[in-house]
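Take a look at the structure set out below.
The values are calculated or read from the model by the stated rules, or taken from the named source; none is laboratory data. This structure is a prediction, so every number in the text was calculated from the model and none was measured. Cβ placement follows ideal geometry from the backbone for every residue including glycine, while neighbour counts extend to all protein chains displayed.
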Amino acid sequence: MNITAAYSFSAAPPEVWKLLSGSGGDQVVPSGCRELRPVGDDRYHAEMTIGVAAVSGSFTATVALSEQLPPQSYRLSVDATGSRASRKARR
């Protein structure tokens, strides 16, 4: 599955790069992420729960940053395995 997105930020590129790459000591952690820890240069182990509509799942993933062009762009790749489960309908 390939997911592509673009976002605009109201800050200077070096400030955004520092935040998104974690190079400033801070990390941006996606919603549903229970764990995000470094496992090598520009590689992270993640455990997350993601839900879309009536389907949710728990995943273990390796997240890697590549094709870095500071402070303009990088490629974020996620290799995940896990299970999915349907949510029960609310009454």
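Taking the criterion of being more than 13 Å from the chain's Cα centre (by Cα), of a type outside the set (Ser, Thr, Tyr) and at pLDDT below 90, the residues of segment 64-91 that qualify are GLN72, GLY82, ARG84, ALA85, ARG87, LYS88, ALA89, ARG90, ARG91. Residue pairs whose Cβ atoms lie under 7 Å apart, separated by 6 or more positions or on different chains, with the first residue in segment 1-23 and closer than 15 Å to LEU69 by Cβ and surrounded by 15 or more Cβ atoms within 10 Å (Cβ to Cβ) and the second aliphatic (A, V, I, L, M) and at pLDDT below 80, are LEU20/VAL28. When restricted to residues that are part of a strand (DSSP E or B) and closer than 19 Å to TYR7 by Cβ, segment 53-87 contains 12. Of everything in segment 4-63 that is polar (S, T, N, Q) and modelled with pLDDT of 80 or more, the residue that is nearest to the chain's Cα centre (by Cα) is THR62.
Restricting the search to segment 27-49, which residues are in contact (Cβ under 8 Å) with a residue 12 or more places away in the chain and out of contact with any strand residue (DSSP E or B) (no Cβ under 6 Å at 6 or more places or on another chain)?
Here is the first cut: in segment 27-49, the ones in contact (Cβ under 8 Å) with a residue 12 or more places away in the chain are 30, 32-36, 39, 42-49.
PRO30 - this is the single residue of segment 27-49 that is in contact (Cβ under 8 Å) with a residue 12 or more places away in the chain and out of contact with any strand residue (DSSP E or B) (no Cβ under 6 Å at 6 or more places or on another chain).
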